Amino acid sequence: MNKSILFGALTVAGLAAGAAAAGTLDDVKARGKLNCGVTTGLVGFAAPDANGKWNGFDVSLCRAVAAAVLGDENAVEFVPTTGKTRFTALASGEIDMLARNTTWTFSRDVDLKFTFVGVNYYDGQGFLVPKDLGVSSAKDLDGATVCIQTGTTTELNLSDYFRVNNISYEPVPIETNAEGQQQFLAGACDVYTTDASGLAATRATFENPDDYVLLPEIISKEPLGPLVRHGDDEWGDVVRWTLYALVSAEELGVTSANLSEMTAGTNNPEINRLLGTEGTLGDMLGLDAGWAKAAIAVGGNYGEIFAKNIGEETPIGLARGLNAQWTEGGLLYSPPFR
Amino acid sequence: MSTLTDPQKESFRLSMLLYDSRYRSATIQVVALIGFIILVGWLIYNTSQNLAALGKGIDFGYLVEPAGYDINQRLLEYSSRDTHFRAAIIGLLNTLVVALLGCITATVLGVVIGVLRLSNNWLVSRIMAVYVETFRNIPVLLWIVLAMAIMIETLPSPKAFRGDNATASMMLNDSVAITNRGVYVPEPLFSRGLGDIHLFGNSSIRFDISLDLIAILIVLAASIWAVNRVKHRADKIQDSTGDRPATWYLQLGLIVVPVGILLAILGFHFGYPELKGFNFKGGTHFRNSLIALWLALSLYTAAFIAEIVRAGIMAISKGQTEAAEALGLRSGKIMSLVVLPQALRVIIPPLISNYLNLTKNSSLAIAVGYMDITGTLGGITMNQTGRELESILLMMLVYLSISLSISAVMNWYNESVKLEER
Ligand SMILES: N[C@@H](CCC(=O)N[C@@H](CS)C(=O)NCC(=O)O)C(=O)O
């Protein structure tokens, strides 16, 4: 670990990861705390509330992992990262996992060497404009000034989309969502573009959300999910199956309301295996038998977490869409707990 | 040979390396050197080990891949299909632009403020003191962010210029638009221009040279040569007759008339910015990020330069001023003819380090999204390719080269203004 301090000083962070690559699960247990990388603040996905307690869709996943591994949903150190700093933070071992609206791409997986353990939100890139701009399609945006976060897939998609459609634009690069919001509201850019979910979440915090519209075009696939470093499959498995535990729980009808009742035993063996009353799944992961139960107990199953943080009842108001269970016509599909 | 070394060998003991002052400093240097080499070796070894563990070798091949991102301020033509290398060059030029603009503005401001701070007018000198203390005691990053925030929040957006009940309007006869996206000013255009020369074909270092610009520079050079001839002749006449003929109208004419004629031939005119669609089109666009960075860096560095100028002036003995007064020079002339030229010797060395500071501080551009080399190579490129080590090494090399070049030029200038001892 001394090595990584030295390299940090040289601003060549991320190179000492070799030291931290193996045994993340043991590290987390020994530390008694999970270091989870999140956004710098995107209400609904990850943002601290008035008391400084982090809340949101991505935050819930961090808490579920902490509960599964350490039995304590509050044993999490939330590390805010920008689009640019997130990968260095993960590679250098500063964080154990990243849950930050991060798109699973080939090069991030293969070249940057991160393992995306799954997808917790199927998304796509959209455009947010003020209503009085009088624009109804992204194709009408010729010559517009567009705010984009740097270090994201967003800026690459944007450049391709405008070039392919033969229209021009003026990019305004920004570091964080908060900066983008400031520039957009002040009219320093005409358009704000990022993942559609992020736009909905950002718009929900505006004073007059109704003065802004999302354009119909979704110009990319953005499968957002949690990721860990390559080369530590045990730890990858822990995060992956915690996510699937939440997804399976919804599919199997396990909710925070009936969790303790179900733990008493059901006649569905998969539920029993998931909740640890049958078989040794927890043991195989190197966790307690009640790991998944602890994870679900934090904020309920996937559907409950969705509904509470970003669902249609919230100001963000996202429909399940692609993120419904496969049985409901969505893409959520957990491999079996067996 | 043996006769020479033998007696020394006898008297030499190992402990003398430490206790004998003849050897001690050499010992310390050797030990320090070995330590340093071990440290560097360890760093290199550790880096390569860790890179290998990550499965990432050092490889600069990414520089020739398409960058895939757009850059708003580009002095050379660039599209997202160009390479990362070209993106780095665009960024480098942006760094140089803001550094150059910043150094010039900071110097002008710094000299004025430094001189005024010595003014006999109590109010003026106090105001200048307040200026210096405020600017140099607050981190420049805050000034940059503040300048940007003020521009974005207080200036009208292009939307405000539109429609019948526009709340904002252009200035100076509709030729300048000040918006929160930057300032648009008229741009020089040539209707019968000579075109450009394209250099380096389609490669990443391709660029165009404007023939119009070259023509103008040639004519200007010729004019300046002619003006020098005129001055020379005037000197001669003054030497022989004691009277200097008035030549200012001739000099002015020699400069203005040929260039004027050339501009007329080339069809020189201004292109005015005009609100079209979402933004102003035409004219030259100084983006808010450039202005914020330029202003903040200049105002901040000017405070330091003002102090250097003040110190330089105070280093010139009062006798010089008094002697000049005795000769009947007015105070403005005393400053510009007697004091400042001598003060320059004291001023220039610390001035160099301020220029270097300004250039290095320009990497704070990232805070306002100005796409300098830290924003392109050290920002988006590094981030999208994950080539941290390579990008950082290249950036260090770039900043080192810029700094050494500035030092070289300024040292050369320093040589030329140095007091020649006779
Ligand atoms: N999914 C894209 C974009 C991710 C991104 O930057 N999203 C924004 C808006 S949805 C965000 O999370 N911002 C929060 C912050 O600035 O910290 C990627 O992975 O590159």
Span-rule helices in chain B, defined as complete DSSP H runs reaching 20 Å or more along the axis (Cα) with Kyte mean at least 1.6: B:84-117, B:140-154, B:248-266
Sum of -39500 (n - 2.57) over DSSP H runs of 4+, divided by residues of chain B (222 nm, nearest 500): -20500 deg cm²/dmol
Contour excess over end-to-end distance, with Cα ends at A:Arg31 and A:Asp142 and 0.36 nm allotted per residue: 34.7 nm
Computed FRET value (nearest 0.05) for B:Leu189 with B:Leu18, which takes r as the C-beta separation and R₀ as 56 Å: 0.15
Sum of -39500 (n - 2.57) over DSSP H runs of 4+, divided by residues of chain A (222 nm, nearest 500): -10500 deg cm²/dmol
Cut-off under 5 Å, modelled amide H: who pairs with A:Asp123 long-range: A:Glu222, A:Leu224
Share antiparallel - DSSP beta bridges, the protein assembly as shown, percent rounded to 5: 70
Selected from B:Val97, B:Val259, B:Val108 as most flexible by GNM, with chain B as the system and alpha-carbon contacts under 10 Å: B:Val259
Mean separation of Cα contacts under 8 Å (6+ apart) over length of the stretch A:125-220, as relative contact order %: 49
Members of the stretch A:138-177 that become less accessible by 50 Å² or more once partner protein chains are added (1.4 angstrom probe, chain alone as reference): A:Leu156, A:Arg163, A:Glu170, A:Pro171, A:Pro173
Inverse of mean 1/r across different Cα pairs in the stretch A:125-220, Kirkwood, Å: 13.0
Contour minus Cα-Cα distance for B:Ile205 and B:Val130 (0.36 nm per residue): 22.3 nm
Efficiency of FRET between B:Val230 and B:Arg81 - r from beta-carbon atoms, R0 41 angstrom, step 0.05: 0.15
Rounded percent of accessible protein surface that carbon and sulfur make up, the stretch A:104-235, 1.4 Å probe: 48
Mean-position separation - Cα centroids, the stretch B:20-95 and the stretch A:143-173, in angstrom: 29
Using alpha carbons only: equivalent-ellipsoid semi-axes of chain B, gyration tensor based, whole Å: 45, 39, 26
Projected area averaged over orientations for the protein assembly as shown, convex hull of C-alpha atoms, nm²: 50.5
Normalised contact order of chain B, rounded percent, pairs of Cα under 8 Å and 6 or more residues apart: 22
Above-threshold pairs, the threshold being 30 Å between Cα atoms, out of A:Lys113/A:Lys139; A:Lys29/A:Lys113; A:Lys293/B:Lys56; A:Lys84/B:Lys360: A:Lys113/A:Lys139; A:Lys293/B:Lys56
GluC sites (Glu not before Pro), loop per DSSP, at most 14 other Cβ atoms within 10 Å - longest free stretch of chain B: B:78-419
For A:Trp54, residues with placed amide H under 5 Å, excluding near neighbours: A:Asp49
Neighbour cut-off at most 15 other Cβ (10 Å), DSSP loop, trypsin sites (Lys or Arg not before Pro), the stretch B:91-195: B:Arg162, B:Arg192
Lys, Arg +1 and Asp, Glu -1 on Cβ, resulting dipole of chain B about Cα centre, debye, nearest 20: 580
Vicinal HN-Hα couplings computed from phi for the stretch B:276-285 (Karplus, 6.51 cos²θ - 1.76 cosθ + 1.60; Hz; Gly/Pro x): 9, x, 7, 9, 6, 10, x, x, 9, 9
Cα pair count fraction exceeding 22 Å, expressed as % - the stretch B:187-271: 47
Solvent-accessible area, 1.4 Å probe, carbon plus sulfur percent, for chain B: 66
Å² of accessible area per residue within chain B, as computed with a 1.4 Å probe and no ligands counted: 57
Accessible area of the stretch A:125-220 divided out per residue, in Å², using a probe of 1.4 angstrom: 34
Buried area at the B-A interface (accessible, heavy atoms, 1.4 Å probe, summed, Å²): 3700
FRET efficiency estimate (nearest 0.05) - Cβ-Cβ, B:Leu262 to B:Ala149, R0 35 angstrom: 0.20
The stretch A:229-289 and the stretch B:114-139: distance between their alpha carbon centers, rounded to Å: 69
Span-like helix ranges in chain A, DSSP H, alpha carbon extent 18 angstrom or more, Kyte mean at least -0.5: A:57-70, A:233-252
Dimensions (Å) - the stretch B:47-186, Cα atoms, principal axes, largest first: 66, 49, 24
Separation of the A:Trp326 and B:Glu325 label points, Cα + 7 Å toward Cβ, nm: 9.5
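The values are calculated or read from the model by the stated rules, or taken from the named source; none is laboratory data. Worth saying up front: this structure is predicted, and the values here are computed from it rather than measured. Quick reminder, even Gly has a Cβ in these numbers, built from the backbone with ideal geometry, and neighbours come from all protein chains shown. For the accessible areas, the whole protein counts, side chains as well, though only heavy atoms, and no ligand, DNA or RNA atoms are used. Shrake-Rupley method; radii C 1.70, N 1.55, O 1.52, S 1.80 Å.
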